[in-house]
Every structure is written in structure tokens, then in C-alpha cells.
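A short write-up of the structure that comes next.
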Amino acid sequence: EWKVFINPKNSRSIFVNKLEGLPANWKVVLRGIPNIGEVELNEGITILIPKNISVPFVAEIIAGKSDLVTNEVPKEFSLQQNYPNPFNPSTTISFNIVETQHAASLQIFDILGREITTLFNGELQRGYYNFIWEGRNDNGKIAGSGIYFARLTTKDFTKTIKMELLK
């Protein structure tokens with residue numbers, strides 16, 4: 001398993017050559033690209049990052065026997081505590097989606113309940129996701145030190161976590 005940092009501000013596409021030398025019963029997949037879900041990489045592919053994704057995120061490349069790779073899916077909705085926490089200047093927010101959600105959002109709020117930014121708003125396929133908040137508001141201005149909240153909202157699940165930005 002490998003973690004891949006993807007910043008849509010720098011590039012909107014990922015190109016993977018055909019993978020050779022793998023055992024016949026192995027599969028390599030990329031997981032965690034919002035709006036796309038899981039993508040098989042064995043034959044080579046170009047993946048375009050959806051236009052509504054503008055914040056950095058971390059995807060995972062997983063390789064192994066086909067049946068094991070395919071069966072590794074989330075069994076419950078969850079929003080994990082961000083890491084690092086406290087953080088400066090950025091933090092990773094991870095969550096699991098157990099079935100396709102046509103309206104999902106990941107928002108950041110300040111201690112007064114004011115929305116600071118929306119990291120994601122749209123459809124998510126079943127899978128594991130990792131978004132990076134760079135401590136900025138929707139206008140790109142750096143947020144001040146303090147307590148913030150990340151809220152994941154779907155039709156079936158809502159959860160909020162507390163985060164601390166230290167300067």
C-alpha cells in the first residue's frame with residue numbers, strides 16, 4: 001500500500017503506464033479520488049481529476065491478489081480524528097463511505113459556527129478518502145490560530161471533529 005499526495009492546483013491528471021511483471025492473479029488499484037472511487041491500474045490509464053475538486057487529497061495505491069484487493073471496502077461510515085492535531089500549517093482529514101453518496105460535503109467551521117471553507121461538495125463512491133486542509137478559507141486567506149471543526153455530512157451520516165490550528 002502506497003499513499004499518493006495529489007494537489008489539483010498543480011495537475012489535473014494522473015498517468016500510469018501499463019504495469020508489467022505482476023503475478024497473473026494480482027491487481028493494482030488507486031483509491032480515494034473524489035467522484036471517481038476505485039480505479040484499476042494494471043492496463044495503464046490516464047485519470048482526470050474532477051473539476052469540482054480544488055483542495056489537495058491523499059489517494060492510496062493498493063496491490064495484491066485480486067480477491068483481497070477487491071474485497072477491501074469500508075464496512076461502516078466514519079470520520080476519523082484529523083492528523084496531526086494540533087496542526088500547522090496543514091492537516092489530513094480521513095473518512096470512509098460505505099455506499100455511494102450523491103450529496104456529500106466536508107466543511108470547516110470556526111468556533112463561532114461560521115463556515116470557513118468547503119473541502120468537498122458532491123458525489124462520493126464507496127471508499128476511503130483523505131482530504132488535506134491547508135488552514136485557509138475559501139478566499140485563500142490563512143486562518144488564525146484557534147479551534148476549528150470539520151463536519152462530514154451525507155444522507156446517511158453526519159459527524160463533526162474538533163481540530164486545533166497553532167501558529
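Throughout, read-outs are computed from the coordinates displayed, never taken from laboratory work. Just so it is clear, the model here is predicted, and its values are computed rather than measured. Cβ sites come from the backbone with ideal geometry, for glycine too, and all protein chains shown count toward neighbours.
Structure summary
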| read-out | value |
| --- | --- |
| ³J(HN,Hα), Karplus 6.51/-1.76/1.60, whole Hz, each residue of region 78-84, x for Gly, Pro | 7, 10, 7, 4, 4, 9, x |
| Distance between modelled label sites at LEU166 and ARG136, nm, 7 Å Cα→Cβ extension | 2.4 nm |
| 24 Å Cα-Cα threshold exceeded, pairs from LYS75/LYS159; LYS27/LYS155; LYS3/LYS51; LYS18/LYS65 | LYS27/LYS155 |
| Stretchable slack from TRP26 to LEU48, in nm (0.36 nm times residue separation minus alpha-carbon distance) | 5.5 nm |
| Positive-end residue of ILE49, VAL69, GLY37, charge dipole of region 2-71 with Cβ unit charges | ILE49 |
| Sorted by Cβ neighbour density within 10 Å, fewest at the top, the residues LEU41, LEU124, LEU68 | LEU68, LEU41, LEU124 |
| Inter-probe distance in nm under a simple model that places probes 7 Å from Cα toward Cβ, at LEU68 and LYS18 | 2.6 nm |
| Antiparallel DSSP beta bridges within region 78-165, as percent of all bridges there, nearest 5 | 95 percent |
| Diffusion coefficient, µm² s⁻¹, Stokes-Einstein with Kirkwood Rh over alpha-carbon pairs of region 78-165 at 4 °C and 1.567 mPa s | 99 µm²/s |
| Nitroxide proxy distance, nm - points 7 Å out along Cα→Cβ at THR118 and TYR83 | 2.9 nm |
| Relative contact order of region 78-165, defined on C-alpha pairs under 8 angstrom at six or more residues apart (%) | 34 percent |
| Potential lengthening between SER145 and GLU99 on full extension [0.36 nm per residue; Cα-Cα distance subtracted] | 13.0 nm |
| Over the chain, relative contact order from alpha-carbon pairs under 8 Å, at least 6 apart, % | 23 percent |
| Inverse of mean 1/r across different Cα pairs in region 2-71, Kirkwood, Å | 12.7 Å |
| Angstrom value of the Kirkwood radius, inverse mean 1/r, which spans all Cα pairs in the chain | 16.8 Å |
